[in-house]
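The values are calculated or read from the model by the stated rules, or taken from the named source; none is laboratory data. Please read these numbers as outputs of a predicted model, since none were measured by experiment. Counting neighbours? That spans all protein chains shown, and the Cβs are built from the backbone with ideal geometry, glycine included.
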Ligand SMILES: Nc1ncnc2c1ncn2[C@@H]1O[C@H](COP(=O)(O)OP(=O)(O)OP(=O)(O)O)[C@@H](O)[C@H]1O
Ligand SMILES: [Mg+2]
C-alpha cells in the first residue's frame, strides 16, 4: 500500500564519510527550499541526497520522498511520475502539475528528484510551480547541471578526500576514499589488507566513489599491485587534455578498464542488459538477453559475475545498473550492431507480460500485479516509446498500451494510460483487434477522467471497428464501457438498456466485460431506486468475483452496495460493505473507489447515530474526492446528493460549529491516518 509517509529506498551497501557535506547541506536546506547537488557522474550525488533525506525525515510531517527520474524519458510524464511516487492517484482530466500543486499545498514534506540533467527545462518549470504553490515543500535535486532557478542553492559534490601521493601519512587508513576501497575490497576478498598503495590507487582514481568501487571489486581476482599496474597502463594511454571535467575522463577510463577485464560473455551481457531502463529480474534478463551466443543457463552465472565486478547491483527488489555503466553498455551494444534486435526483444518481453496481465486480470493476482507493474513502469514506457517511434512497430505498441488497460484504469494510472493510448491512436495503424481494444480502452480512460464527449467519440469508433471486424472480444467490452457515461450522469434507463444489450450479446458465455457490465447496472439500478434489483446485482458480482478469485470488481460491488444498503436502511451492513471496499481499494491505489466508499461510510456512521464521526469521515471523503479528481463527483447527481444528505444530517445532529470542526479534522488527515480511522469500527466489541 502506498501511503503518504515517505519511500526512501534502503541502502544496499555501506556509506562512507560525508559528515561535513551533510552538515552543510542540512544548513542549506534550512535556508532554501530548493537545493541542487551537482557534480560529475559517479561522484556520489544520489547517495548523498538519500542520506540527507533520511537524516531530515523527522522534520517533515508528511514524509520524505525519493523520486527516481533517470529512467524517465518523457518530460510530459514528470509531474505524473512525481505524483505516482507520492501515491497521489491520477484519475482526473486536470493537468498533473496542478493536481500535484494542490495536493502539496497544505503539506510539509521533502522530495528528492534524483537525476534531472536530461530534462532540465521540465524539472525547472515544475519545481518553480510547486514551490510557489506549496510553502511547506522542500526540494532536493541531483543533477549534473543546475536547474537555473533564482531560489536554487547549489552544492557541488566533490569526490572523496584522498591523500596526495607524496603525503601519505600514517593516517591514510582513515581517509574516506581509502575506507571506501577497503570496505568494498573486503566484501569480495575477506582477507584483504590495507597498504599505502591503495591510497595511491584512490588518488589515481581522483577519489571518485564509482571508480573506486569498480577497482576494489577487482580485488577478488587481482592483487593491489596488479590493479596499480593495470591502471597505470590504462591511464598512460590517455594523451592530451580531455574536454570538460577531467574526472569524467577518469570515470570513463575506469569503466573502460573494467570492461576490458570482463570475459567476452560478460561484456556481451553488460551491453544487452543496457536495454533495461529500471529494475530487472533473472527471468527478464534471460528472456531478453539469451540467444545462441549466450545460453539461458549461462545468463545466471554471467550475471552473477557482473554483480561481483560491481557492474550490476543486486538490490532486494531486483537487479539494476548505475546510469554511467548502463550508458557504456548501450554504446557497446550499438557498436555491436545489436541495438535494434535487443530493444525489440525487450519490447516483446513487456508485450508478453502485458498480454498475460490482460488475460489474468480478473483472477486472484490483482494486488500482486499492481506491485509488479508499478516497478516495471520505466521499462514499459521505454517499450512503448520504442514501438511508437518505429513505423513497423506501431501496431505492437498499440497492442501493448491496450493490453495494459486494467493497469491504467484500475490501478490509478488513468492519465498515463490516456497519454500512451492517444499517442498510439494518433498513428495510422491498420484495422485489427489491437486497434479495437485500444479504442475502447482509450474510451474508458477518457470517461474515467470525466471527459464524456471525447470518450464517447472513441467508444463509437471502437464499436464501429469491432463491428466491421466481427470482433466478439472487443464488441461487448466497448458496449460495457459505453454504459459508464449514462450511469454516472444519472440516465439510468439508458444505462440499463445498454447493459442489457451487452448481456444479450454475450449470452451464456463468460466474458471479462461482465464484471464491468454488472457494476454499471448496479449503479443505474441503485440510482433509479430499484434497490432490490441493485442488491441482486451486488450478489451477482460477488458470485462472479468469488468464482474468479478477483477483488477489484467485488470491491466496487461493496462500494456501491453500501449505497444500496443505506437506501434500504440497513446502516450496519452498509458500514461493513464500505469498510470491505476500502480495504481492497487502498491496496489497488484506486482513489475513486476510496472516495465513494468513504462517502458511504460517512453516511452509514452518521445514521448509526455517531454524527461527529460521520462528519470526520465526510471530511476524509471530501479530501479523497479532490485527490481522485472531482470531475466525476461534481457531475454525478448521486454523489452530490449523498454528500449533501450526509452534511445536512450531521449538521442537524451536532450543530454547525461541531460539524465544521469534525469535518476539518477529517479533511486534514493523511491517507494512512484516514484509513486507520475509517477501518476502526467503534461499534464492534472484541
Ligand atoms: N559516501 C559514499 N559511501 C559509500 N558509497 C558511495 C558513497 N558515495 C557514492 N558511493 C557509491 O558510488 C557509486 C556512485 O554513487 P552515486 O550513484 O551516488 O553517484 P552519482 O553522482 O549520483 O552518479 P550519476 O551522476 O551517474 O547519477 C554508487 O555505487 C554509490 O553507492
Ligand atoms: Mg545519481
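Can you find a residue in region 327-334 that is within 16 Å of ligand 2 (Cβ to nearest atom), surrounded by fewer than 18 Cβ atoms within 10 Å (Cβ to Cβ) and not in a strand (DSSP E or B)? Yes: region 327-334 contains one or more residues that are within 16 Å of ligand 2 (Cβ to nearest atom), surrounded by fewer than 18 Cβ atoms within 10 Å (Cβ to Cβ) and not in a strand (DSSP E or B).
Would you call residue 228 part of a loop (DSSP other than H, G, I, E, B) and more than 42 Å from the chain's Cα centre (by Cα)?
When the stated conditions are applied, residue 228 does not pass them.
Listed by position, the helices (runs of 4 or more DSSP H) contained in region 76-195 that have at least 1 residues being crowded, with 19+ Cβ neighbours inside 10 Å and touching a strand residue (DSSP E or B) at 6+ places or on another chain (Cβ under 7 Å) are 78-86, 96-105, 120-133.
Take residue 64 and tell me if it is under 22 Å from residue 150 (Cα atoms) and in the same structural domain as residue 121 (by TED's automatic domain parsing). Write out each step before concluding.
Details: under 22 Å from residue 150 (Cα atoms): no; in the same structural domain as residue 121 (by TED's automatic domain parsing): yes.
No, not satisfied.
Taking residue 401 as the residue in question, decide whether it is under 29 Å from residue 99 (Cα atoms) and assigned to a helix (DSSP H, G or I). Yes.
Being under 22 Å from the mean Cα position of the chain (by Cα) and within 16 Å of ligand 2 (Cβ to nearest atom) is a property that holds for residue 320.
Look at residue 215 and say whether it is touching a helix residue (DSSP H, G or I) at 6+ places or on another chain (Cβ under 7 Å), within 16 Å of ligand 1 (Cβ to nearest atom) and either over 18 Å from residue 228 (Cβ atoms) or assigned to a helix (DSSP H, G or I) (or both).
Here the answer is yes, as residue 215 does meet what is asked.
Would you confirm whether any residue within region 257-269 is within 16 Å of ligand 2 (Cβ to nearest atom) and either outside the structural domain of residue 399 (by TED's automatic domain parsing) or not in a helix (DSSP H, G or I) (or both)? For region 257-269, residues within 16 Å of ligand 2 (Cβ to nearest atom) and either outside the structural domain of residue 399 (by TED's automatic domain parsing) or not in a helix (DSSP H, G or I) (or both): absent. Please verify whether residue 94 is out of contact with any helix residue (DSSP H, G or I) (no Cβ under 7 Å at 6 or more places or on another chain), touching a residue at least 60 places away in the same chain (Cβ under 8 Å) and within 16 Å of ligand 1 (Cβ to nearest atom), treating the condition exactly as stated. Here the answer is no, as residue 94 does not meet what is asked.
Kindly evaluate residue 248 against the criterion of being over 18 Å from residue 16 (Cβ atoms) and within 35 Å of the chain's Cα centre (by Cα). Taking the combined requirement at face value, the residue satisfies it.
When 180, 194, 137 are screened for being touching a residue at least 12 places away in the same chain (Cβ under 8 Å) and under 31 Å from the mean Cα position of the chain (by Cα), only 137 passes. Would you confirm whether any residue within region 489-496 is in contact (Cβ under 8 Å) with a residue 60 or more places away in the chain, surrounded by fewer than 24 Cβ atoms within 10 Å (Cβ to Cβ) and not assigned by TED's automatic domain parsing to the domain that holds residue 94? Looking for residues that are in contact (Cβ under 8 Å) with a residue 60 or more places away in the chain, surrounded by fewer than 24 Cβ atoms within 10 Å (Cβ to Cβ) and not assigned by TED's automatic domain parsing to the domain that holds residue 94, one finds at least one in region 489-496, hence yes. Criterion applied to 268, 303 was being at pLDDT 95 or above, surrounded by 14 or more Cβ atoms within 10 Å (Cβ to Cβ) and within 21 Å of residue 352 (Cβ to Cβ), and the one residue passing it is 303. When 588, 594 are checked against the criterion of being in contact (Cβ under 8 Å) with a residue 24 or more places away in the chain, within 18 Å of residue 365 (Cα to Cα) and within 29 Å of the chain's Cα centre (by Cα), a single residue qualifies: 588. Apart from one condition, residue 26 fits all of (1) over 30 Å from residue 582 (Cβ atoms); (2) at pLDDT below 95; (3) out of contact with any strand residue (DSSP E or B) (no Cβ under 8 Å at 6 or more places or on another chain); the exception is (2). Filtering region 38-73 to residues that are within 11 Å of ligand 2 (Cβ to nearest atom) and assigned to a helix (DSSP H, G or I) leaves 45, 46, 47, 48, 49, 50. Can you pull out every residue in region 20-44 that is under 17 Å from residue 65 (Cβ atoms) and within 11 Å of ligand 1 (Cβ to nearest atom)? Result: 37, single match. For region 277-290, the criterion of being farther than 30 Å from residue 8 by Cα and touching a residue at least 24 places away in the same chain (Cβ under 8 Å) is met by at least one residue.
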